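Laboratory data are not the source of any read-out in this text; all were calculated from the coordinates shown. What you see is a predicted model; the values in this text were computed from it and never measured. Neighbour counts are summed over all protein chains in view; Cβ atoms, including those assigned to glycine, are modelled from backbone coordinates with ideal geometry.
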Amino acid sequence: MKLISSFLSLTLLAGVAQAADLKGAKAPARVAPEAAGEVPGGDIFGFTSATDVGNVGDKGLALENDGSYGRRDMRSRVLTQKLELSRTFAPNWSYAASLFGAWTSFKDNADSRTVYNFDGMSMEVRHRFIERSATNPFAFTFAIEPRWGRVDTVSGMNATNYGAEFKLQADRALSDKLFWAVNANFGTSRGRDAIDGTWSNSSESVVSSALTYAVVDDKLFMGGEARWNQAWNTGFFGKLDGQALFVGPTIAYKASESVMLNAVFLPQIAGKARSVAGPLDIDNFERANFRLKLAVGF
């Protein structure tokens, strides 16, 4: 009897202990979703900008060479240089101060000139207002860049211009090697005509999208870009003077953690100027645009 009693006691104690364990056990923890993939920093796309603003304290120096050629009834070749110094001064906030130079080679039936001039300055402020997270793969950045210019880049003549560009940028990683970005920019300006001295307002809107693929880890990126440009006859839209679609290849090479080279070539493939016949708009825009940019962080 003692043996049976001892066995029953041990069984009861084991059952009580098991019930206590089950009562105190927690439900299995939910597995957190994987964090969204990051888009590498730097200019990995082309004219289209990524949302990266850097880490607090980051500084950078960039030399940007933007070129274009081809206008109706004239020979026009333009190279605009932008020397930019940037700094990330707070989480998700950065600014950049820039100086501009413009080289213009112009020739039509009445005049011709080749000249290089100092072309003013700008100040840009960028704010990444939505960050990527485990549940949101997109990031969004807003930027504003007021600018003073002093050259008509088509003719190369002195022509004062005041304006500002507003930029909305978004990007995401489609995989660990494929990245996408889209920009929507609006620029408004007031300028004085280089010939008769009259002042007028104009504006331009640009929607662009780019895909790039990391061919070699995070060092070599190759892709394509499309830009839809629209020219308006007042400072805030108004009548549409013309529009053009540019499509072409991009390439970016990250030589080191602090040095990146970016190049893009975008020919105009379709367009229409107001009251002008033809498959392209080479009255308000050029036949092709290109960029070569060297950026150094420190």
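Computed quantities for the displayed model
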read-out	value
Cα-based Lys pair tally, the chain, threshold under 16 Å, eight or more apart or on separate chains	7
Whole-Hz couplings from phi, Karplus 6.51/-1.76/1.60, listed for segment 94-105; x for Gly and Pro	8, 9, 8, 10, 9, 10, 10, x, 9, 9, 10, 10
Inter-site label distance for SER175 and MET74 at 7 Å from Cα along Cβ, in nm	4.7 nm
Pairwise FRET efficiency - VAL216 versus THR114, Cβ, R0 = 41 Å, nearest 0.05	0.55
Amide H partners (placed H, <5 Å) of ARG274, local residues excluded	GLY242
Percent breakdown of C-alpha pair distances by 10 Å bin, ordered from the shortest bin, for the chain	6, 22, 31, 17, 7, 3, 3, 4, 3, 2, 1, 0, 0
Among ASP66, ASP196, ASP119: highest mean-square fluctuation, GNM of the chain, C-alpha pairs under 10 Å	ASP196
Residue-wise HN-Hα coupling along segment 189-206, computed from phi with Karplus coefficients 6.51, -1.76, 1.60 (Hz; x: Gly, Pro)	8, 10, x, 9, 4, 5, 9, 9, x, 6, 9, 8, 10, 8, 8, 8, 10, 9
Point-to-point label distance, LEU240-SER258, nm (Cα→Cβ direction, 7 Å offset)	4.8 nm
Top of GLY223, GLY238, GLY41 by mean-square fluctuation, Gaussian network on the chain, Cα under 10 Å	GLY238
Semi-axis lengths (Å, descending) of the ellipsoid that matches the C-alpha gyration tensor of segment 31-101	34, 18, 7
Residue of ALA102, ALA90, ALA62 that the Gaussian network model of the chain assigns the largest fluctuation, springs spanning Cα pairs under 10 Å	ALA90
Interchain or long-range residues, amide H under 5 Å from LEU174's placed H	PHE179, TRP180
Degrees between helix 2-24 axis and first principal axis of the chain (Cα, 0 to 90, nearest 10)	20 degrees
Pairwise FRET efficiency - HIS127 versus ARG190, Cβ, R0 = 22 Å, nearest 0.05	0.30
Exposure rule at most 12 other beta-carbon atoms within 10 Å, DSSP loop trypsin sites (Lys or Arg not before Pro): the chain longest free segment	31-238
Estimated inter-spin distance, ALA277 and ARG87, nm [label 7 Å along Cα→Cβ]	5.8 nm
